[in-house]
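What follows draws every value from the coordinates through simple rules; no lab data is involved. What you are looking at is a predicted structure, and each value in this text was computed from that prediction instead of being measured. Positions of Cβ are generated from backbone atoms using ideal geometry, with glycine treated the same way; all protein chains shown enter the neighbour counts.
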């Protein structure tokens, strides 16, 4: 059976692919988090899986089911935990899930694992899960793990074309032009362009306060405007991401 999706294979076909081809296995990681009134709660997971699939197609890889619950949403990059629908896990839960995944893929005979992060707040806990999983396996383990945030593969030239009036930065891009344009490319039926808020960018102080001051965050949950998002911009970014990530995966596992 020819598919890049691990969960569409029988265990027999999966075992054959792993043992014969030693493909890189891509593990997308997202979150269930508000993305304004115009994007679905699962945006982070949908996009990490989509770019993982594009990359896997180019390098002969397989894509595992997405880890869809991420670390707690933070006001300055995700709006915060006070939005209905945002459903997050503690750090230890995410660390444990990744640690278990690392051990399990190694048990399958996988030698190349690529963790594709689509949720800003996950980064350090993915690193910890990878570190603990590899420690469990010991020094003789054959598994190598690569971790990446897909947005890091967008070039300056592409960002200039997507943001002719200036790039606000990745943290404020939550539910804004990058994610909205990519969702218009990959999942147009899930985007409500008529509901895109037209608000100025959020303006956060250089410190945090706990409990969170909810009034710092725009009521829509969008941290900078998604106006100007197009499917064509999403396609340009998707093509660049797939190609540059494929080159990085090939280089990392040489």
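Sorting 195, 159 on the 10 Å Cβ count, fewest up front, what's the list? Mind showing how you got there, number by number?
On the way: 195 12, 159 17.
Starting with the residue having the fewest Cβ neighbours, the order is 195, 159.
Would you order 146, 183 from fewest to most other beta-carbon atoms within 10 Å of each residue's own beta-carbon? Please list the in-between numbers first.
Working: 146 18, 183 26.
Least to most surrounded, the residues fall as 146, 183.
Please compute the length gained on full extension between residue 240 and residue 12, using 0.36 nm multiplied by the number of residues separating them and subtracting their Cα-Cα distance.
So the extension gain works out to 78.7 nm.
Round to the nearest 0.05 the FRET efficiency obtained for residue 72 and residue 194 when R0 = 45 Å and r is the Cβ-Cβ distance. Write out the running numbers ahead of the final one.
Numbers: r = 30 Å, r/R0 = 0.68.
Plugging the Cβ-Cβ distance into 1/(1 + (r/R0)^6) gives 0.90.
Mind checking the full-extension length gain between residue 254 and residue 124? Use 0.36 nm per residue of separation minus the Cα-Cα distance, one decimal, nm.
Numbers: separation 130, 0.36 × 130 = 46.80 nm, distance 2.55 nm.
Gain on stretching residue 254 to residue 124: 44.2 nm.
Using only Cα atoms, tell me the angle between helix 123-137 and the longest principal axis of the chain; keep it within 0 to 90° and round to the nearest 10.
The angle comes out near 10 degrees.
Given a Förster distance of 30 angstrom, what is the FRET efficiency for residue 203 paired with residue 91, based on the Cβ-Cβ distance and rounded to 0.05? Could you put the intermediate results ahead of the total?
Values: r = 28 Å, r/R0 = 0.93.
Approximately 0.60, to the nearest 0.05.
Using Cα atoms only, what is the angle between the long axis of helix 231-252 and the major principal axis of the chain, expressed in degrees (0 to 90) to the nearest 10?
40 degrees
Subtracting the Cα-Cα distance from 0.36 nm times the residue separation, let me have the gained length for residue 142 to residue 210 in nm, one decimal.
Working: separation 68, 0.36 × 68 = 24.48 nm, distance 4.33 nm.
Difference between extended and current length: 20.2 nm.
So for the pair residue 3, residue 232, with labels modelled 7 Å out along Cα→Cβ, what separation do we get in nm?
3.5 nm
Order of 187, 119 from fewest to most other C-beta atoms within 10 Å?
The most exposed by this proxy come first: 187, 119.
Angle, helix 43-59 long axis vs. longest principal axis of the chain, Cα atoms, 0 to 90°, nearest 10?
40 degrees
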